[in-house]
Amino acid sequence: MSKISEKQQNKRTNILDAAYELFIEKSFNNTSIDDVVKSAGIAKGTFYLYFKDKHDLMERIIIRKGALILRYVLEKLMKKRQECQMSFSDQMIFITDKIVDYLEQHKEIITLMGKNFSSCLSYFSTIEDDELKTMLSELVKENSENGFSEQETLKRIYLIVTLVGSVCYDSLVFESPFKISEIRPLLYASVRNIISEKETSAISE
């Protein structure tokens with residue numbers, strides 16, 4: 001990365017970090033672009049070099065945070081796979097479990113993201129994290145070799161991430177219509193149905 005592009009990337013990251021903290025503290029609606037540029041220590045004109053408006057900024061924050069969570073979860077999955085053999089169903093239950101655990105411990109993130117957690121997959125090509133892309137590609141390729149086409153594997157992963165994000169938003173933020181502890185077993189069953197693969201082992205850690 002050149003010095004110029006690195007400087008630009010750092011400035012963009014600084015804006016994202018400043019905005020995230022403000023959105024968590026004050027909410028999206030109560031935070032202005034003026035608040036963001038002041039917190040980031042930049043000129044207002046600089047903001048528009050990186051983002052079209054506040055909604056564009058929010059979208060990028062959601063994608064970035066979603067990608068960070070996916071990276072965290074996939075790193076744990078890669079480690080788990082070194083310890084034991086896991087079917088595609090096992091792996092997706094593991095991913096579901098770790099996403100729920102993470103969001104349960106960081107409710108402020110799902111509160112901010114709403115039901116848009118799967119945006120990190122919808123805009124996956126825009127994510128600047130080659131290691132995350134490699135881990136996901138390996139997961140897709142491996143399970144494609146086990147009877148699913150790459151397209152079908154990606155569809156299942158997308159559906160599962162969308163489902164988990166939506167359920168977590170309702171169950172963690174509003175605890176309605178059910179608390180996460182009440183809906184979690186059915187969530188796992190739904191994931192297995194999406195995979196359409198007979199379960200052969202349970203996930204434990």
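Observations on the model:
- For the residues S125, S171, S144, S137, the requirement of being surrounded by 15 or more Cβ atoms within 10 Å (Cβ to Cβ), of a type in the set (G, A, S) and either at pLDDT 95 or above or within 25 Å of R64 (Cβ to Cβ) (or both) singles out S171.
- If you go through segment 94-115 and keep only what is surrounded by 20 or more Cβ atoms within 10 Å (Cβ to Cβ) and either modelled with pLDDT under 90 or of a type outside the set (A, V, I, L, M, F, W, C) (or both), you end up with T96, D97, K98.
- For segment 66-88, the criterion of being closer than 17 Å to L187 by Cβ, touching a helix residue (DSSP H, G or I) at 6+ places or on another chain (Cβ under 7 Å) and among the β-branched types (V, I, T) is met by at least one residue.
- If you go through segment 143-168 and pick out every residue that is free of Cβ contacts under 8 Å to residues at least 12 places away in the same chain and in a helix (DSSP H, G or I), you end up with 5.
- Filtered residues of segment 15-65 (kept if of a type in the set (F, W, Y) and surrounded by fewer than 19 Cβ atoms within 10 Å (Cβ to Cβ)): F28, Y48, Y50
- Screening A18 on (1) more than 23 Å from S118 (Cβ to Cβ); (2) in the same structural domain as V164 (by TED's automatic domain parsing); (3) of a type outside the set (F, W, Y) shows it passes everything except condition (2).
- With respect to the conditions (1) touching a residue at least 60 places away in the same chain (Cβ under 8 Å); (2) among the hydroxyl-bearing types (S, T, Y); (3) surrounded by fewer than 19 Cβ atoms within 10 Å (Cβ to Cβ), S89 lacks only one, and its number is (3).
The values are calculated or read from the model by the stated rules, or taken from the named source; none is laboratory data. Computed from a predicted structure; not experimentally measured. Positions of Cβ are generated from backbone atoms using ideal geometry, with glycine treated the same way; all protein chains shown enter the neighbour counts.
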